[in-house]
Each structure stands twice: as structure tokens, then as C-alpha cells.
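For reference, the structure is listed below as C-alpha cells.
Nothing in this text is a laboratory measurement; each read-out follows from the coordinates by a stated rule. Just so it is clear, the structure is predicted and the values come from calculations on it, not from any experiment. Please note: Cβ atoms are built from the backbone with ideal geometry, for glycine as well, and neighbour counts cover all protein chains shown.
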Amino acid sequence: MWLEVVLLAVVQGIGEFLPISSSGHVVVGAALCDQWGHPIQEKLALNVMLHVGTLLSVLVFFYKRVLRLLVEEQRVVLLGLWATIPAVVVGLGGKIWGEEVLESPLIAGFGFLLTGVGLLWTKKVSPSNPEGKFCRQLKLREAFWIGLAQAFAVLPGISRSGATIVAGLAVGLRRSEAAAFSFLLAIPVMAGAGLVEGLEMLHENSNSLPFTYLGLGMGVSFLVGLAALAWLLRWLEEGRLYWFAYWLFAIGPVVLLWQIFSR
């Protein structure tokens with residue numbers, strides 16, 4: 001069991017921040033564990049702890065920027081809350097759609113390809129963009145467009161970080177600012193997702209997974225998340241974000257073929 005927990009924690013830590021979709025990879029990883037005869041029965045409790053781990057990694061990595069926003073740039077905080085509205089609406093709708101959509105490897109396969117197309121577009125954006133905007137210069141409609149891009153990431157295979165960074169670059173943000181706004185939006189989304197799933201877990205009162213496994217998953221996702229953030233920002237500044245598209249173009253068809261033939 002511990003091996004499966006570590007595997008999913010590594011996938012969550014990498015996929016949450018690298019633009020390759022953590023939800024898509026976790027869905028595929030969990031489906032493979034089921035198919036190989038090693039199902040993780042308490043996926044909900046583990047998913048909560050994985051979200052907590054990656055949330056902590058964002059807060060630790062960006063703590064100086066978060067403190068500066070709270071003290072000096074309250075407008076950016078308000079823009080972030082405004083841009084979070086679409087994700088909240090779509091996320092609540094996702095509960096109505098049911099787990100068949102949100103935990104479908106088939107949909108993840110299509111999502112991987114769509115995310116790859118978006119990342120490939122960033123190849124056209126100049127690595128050095130001195131005339132790009134800062135987050136505080138965003139207009140309400142521009143922030144809302146970035147929020148809409150984030151809302152689509154409720155579907156497995158659509159990368160939240162990839163979608164929001166691509167949208168940020170599309171509305172003219174500097175590369176570093178697009179990343180900063182993307183992860184500012186990640187804080188309420190991950191906190192909200194963890195809270196909702198945590199309340200659901202308490203309501204069902206069905207967790208039988210030992211706390212040592214839950215703690216292991218949180219710790220691994222935290223450490224891997226820190227490394228993934230450093231990796232992403234370095235590649236983004238160097239204009240190599242589109243390189244991640246090649247992984248998605250490789251894994252997407254494999255997942256689709258697996259699902260089509262397994263059915």
C-alpha cells in the first residue's frame with residue numbers, strides 16, 4: 001500500500017504545478033492501481049492530504065510574494081478572488097456531474113492532448129517580454145478570462161497551471177507575473193477543494209487508511225511540489241514551457257488507446 005501512496009503523492013506533487021495535469025495523472029494512476037489488483041480504497045482521504053501537501057508547498061515557496069500582496073497589493077488579491085469565481089461555479093457543477101466524469105481516464109486522455117496544444121502555443125511567445133504587464137495592471141475582464149481557463153481544469157487532463165499561465169501570457173502578462181498570478185489562484189482553489197473533500201470524508205466517516213499513510217502522502221507531495229515549482233519557473237523564464245507538451249502528446253494517445261481497447 002505504501003508504494004501506491006508514494007506513487008500518487010509524487011504524481012500529485014509533480015502534476016499540480018508542472019503543466020501536465022495532476023488530476024489527469026492521478027486518475028490514470030489510480031485506474032492502473034485498480035487494474036493491477038492494488039486498489040486504494042480510501043481515495044478521498046488520501047486525496048485530501050495530497051491537496052494539503054501541495055497547498056503547503058505553494059505557501060512556503062511564494063510566502064514572500066503572498067505577504068507582499070496582502071500588505072502592498074490588495075488589488076491583486078481582489079483580482080485573484082474575482083478570477084476564482086468561475087472555478088467555484090464549475091467545481092460545484094462538477095459535483096453534480098458525478099465522479100464518472102471527474103475520474104474518467106478516457107476524458108483525461110483527451111485533456112492531455114488539449115493541454116499540449118495550449119502549451120505548444122507558448123513557443124510563439126518571446127522569452128523576454130519587457131513590455132508585458134504586471135498583475136496589478138490586469139483589467140477585470142482579463143482576470144476573469146484567466147479564471148475561466150482555470151475553471152476548465154476541473155476536467156482531468158486539463159492542467160490548471162498550464163491553462164492559467166497560457167491565459168495570462170495571452171492577455172499580455174510577463175512570464176514571471178503569469179506564473180505568480182497562476183499560483184495565487186491556486187491557493188483558494190486547493191484550499192477549497194481540500195476543505196470540501198475533508199468535510200465529505202468526515203461526513204461519511206469511512207476512512208480506514210492509517211494516518212501514517214496519509215502523513216506519508218502529504219509529506220511526499222509537499223517536497224515534490226517544491227521541486228516542481230522551482231522546475232516550472234526556471235523553464236518558464238527560459239521559454240521552454242512548451243517542452244511539456246511533448247510528454248502530453250506522448251501519453252494522451254496511449255491513455256486513449258488503453259481505454260478504447262479495455263472497453
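Label sites at Val71 and Phe144, each approximated as a point 7 angstrom past Cα along Cα to Cβ, lie 3.3 nm apart.
Our note on the geometry: Cα centres of segment 151-191 and segment 221-263, 15 Å apart.
If R0 is 35 Å, the Cβ-Cβ spacing of Leu59 and Tyr246 corresponds to a FRET efficiency of close to 0.70. Estimated at 0.36 nm per residue, the fully extended path between Arg234 and Leu3 surpasses their Cα-Cα distance by 80.2 nm. Here the extension length gained between Trp121 and Ile187 equals 21.2 nm, from 0.36 nm per residue of separation less the Cα-Cα distance.
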